[in-house]
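Trainee: First, the structure itself, so that you have it in front of you.
The values are calculated or read from the model by the stated rules, or taken from the named source; none is laboratory data. In this text the structure is predicted, and so the values were computed from the model without any measurement. Every residue, glycine among them, receives a Cβ derived from its backbone with ideal geometry; neighbour counts consider all protein chains shown. We work out accessible area using only protein heavy atoms, side chains counted, and drop any ligands, DNA or RNA first. Shrake-Rupley method; radii C 1.70, N 1.55, O 1.52, S 1.80 Å.
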Amino acid sequence: MDEQFILRVPPSVAERIDRLLSENSSSEDKLDLSFSEDGKTGSFVIGDEHFPASLLNLPCIVESYKTYDDNVLIKSADIGQMIMVREEGDPVPDVVEYRHGLTPPMRDARRRRFRREPDLNPELVRRVDKDLQNIMSEVVEQVEGGEASARHVNKKVAQPATKPDISEPGTAGEDPDRTESEDSDDSI
């Protein structure tokens, strides 16, 4: 698969990039993207202007596709991060995950579409885990103890009690395979 990323830039920068890509390669403007050692913050350069950039995780994976014949789509990458270029005065994002998706329906996607992780006390989880392990060990001991006693003790297998041959009142002399519904025919 290809290596791909999403580059989100301010409208003024988008216009310059569009002009740069649509013109021939003899343009004086250059594009450059470099990151600091932490890998999350960096600088985007177009021409002689520098813009701050941040690497943010998307709230969900985005698949990208390409086509050779405008008919068949071929998956080319899974994208989970976005490079966000900001204007010089814009605040630096304080989180590593972007709150929204790429399209309007995915606005505030993490809160609206995904289940929140439960607030669990780690001590409670350890205590419940310990209790479950104790219960399971007792069950295993009982099962193993029951199998051992069944092997060593020679028990007489009890025969199931047989029913006495007593017919119900009103059924004497009738065919037991016939039911009352078969006897009556109301179709005439």
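Trainee: Any residue at all in the stretch 114-124 that's farther than 30 Å from Ile6 by Cα and either surrounded by 10 or more Cβ atoms within 10 Å (Cβ to Cβ) or at pLDDT 90 or above (or both)? Outline the logic, then answer.
Mentor: The first filter runs over the stretch 114-124 and keeps only residues farther than 30 Å from Ile6 by Cα, leaving 118-124.
Subsequent filtering for residues that are either surrounded by 10 or more Cβ atoms within 10 Å (Cβ to Cβ) or at pLDDT 90 or above (or both) retains 123-124.
Scanning the stretch 114-124 turns up at least one residue that is farther than 30 Å from Ile6 by Cα and either surrounded by 10 or more Cβ atoms within 10 Å (Cβ to Cβ) or at pLDDT 90 or above (or both).
Trainee: Tell me, yes or no, whether the stretch 74-81 has at least one residue that is touching a Gly at 6+ places or on another chain (Cβ under 6 Å) and within 30 Å of Phe51 (Cα to Cα). Let's see the steps before the verdict.
Mentor: Taking the stretch 74-81 first, the residues touching a Gly at 6+ places or on another chain (Cβ under 6 Å) are none.
Looking for residues that are touching a Gly at 6+ places or on another chain (Cβ under 6 Å) and within 30 Å of Phe51 (Cα to Cα), one finds none in the stretch 74-81, hence no.
Trainee: For the stretch 56-63, state whether one or more residues are closer than 24 Å to Asp90 by Cα, in contact (Cβ under 8 Å) with a residue 60 or more places away in the chain and within 34 Å of the chain's Cα centre (by Cα).
Mentor: No, the stretch 56-63 contains no residue that is closer than 24 Å to Asp90 by Cα, in contact (Cβ under 8 Å) with a residue 60 or more places away in the chain and within 34 Å of the chain's Cα centre (by Cα).
Trainee: Could you tell me whether the stretch 39-54 includes any residue that is of a type in the set (Asp, Glu), assigned to a loop (DSSP other than H, G, I, E, B) and open to solvent by less than 70 Å² (accessible area, probe 1.4 Å)?
Mentor: Checking the stretch 39-54: not a single residue is of a type in the set (Asp, Glu), assigned to a loop (DSSP other than H, G, I, E, B) and open to solvent by less than 70 Å² (accessible area, probe 1.4 Å).
Trainee: Report yes if some residue within the stretch 18-33 is touching a residue at least 40 places away in the same chain (Cβ under 8 Å) and not in a loop (DSSP other than H, G, I, E, B); otherwise report no.
Mentor: Among the residues of the stretch 18-33, at least one is touching a residue at least 40 places away in the same chain (Cβ under 8 Å) and not in a loop (DSSP other than H, G, I, E, B), which makes the answer yes.
Let's see how each residue does on (1) outside any loop (DSSP other than H, G, I, E, B); (2) at pLDDT 85 or above; (3) touching a Pro at 6+ places or on another chain (Cβ under 8 Å):
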{"position": "Tyr65", "(1), (2), (3)": "yes, yes, no"}
{"position": "Met84", "(1), (2), (3)": "yes, yes, yes"}
{"position": "Glu87", "(1), (2), (3)": "no, yes, yes"}
{"position": "Asp90", "(1), (2), (3)": "no, no, yes"}
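Trainee: Report yes if some residue within the stretch 125-139 is open to solvent by 100 Å² or more (accessible area, probe 1.4 Å), within 26 Å of Ser12 (Cβ to Cβ) and without any contact (Cβ under 8 Å) to a residue 40 or more places away in the chain; otherwise report no.
Mentor: No, the stretch 125-139 has no match at all.
Trainee: List the number of the failed condition for Asp108; all other conditions in (1) touching a strand residue (DSSP E or B) at 6+ places or on another chain (Cβ under 7 Å); (2) on the phi > 0 side of the Ramachandran plot hold.
Mentor: (1)
Trainee: Looking only at the stretch 68-94, filter to residues that are touching a residue at least 12 places away in the same chain (Cβ under 8 Å) and open to solvent by 80 Å² or more (accessible area, probe 1.4 Å); which one of those is nearest to Phe5 (Cα to Cα)?
Mentor: It comes out as Asp78.
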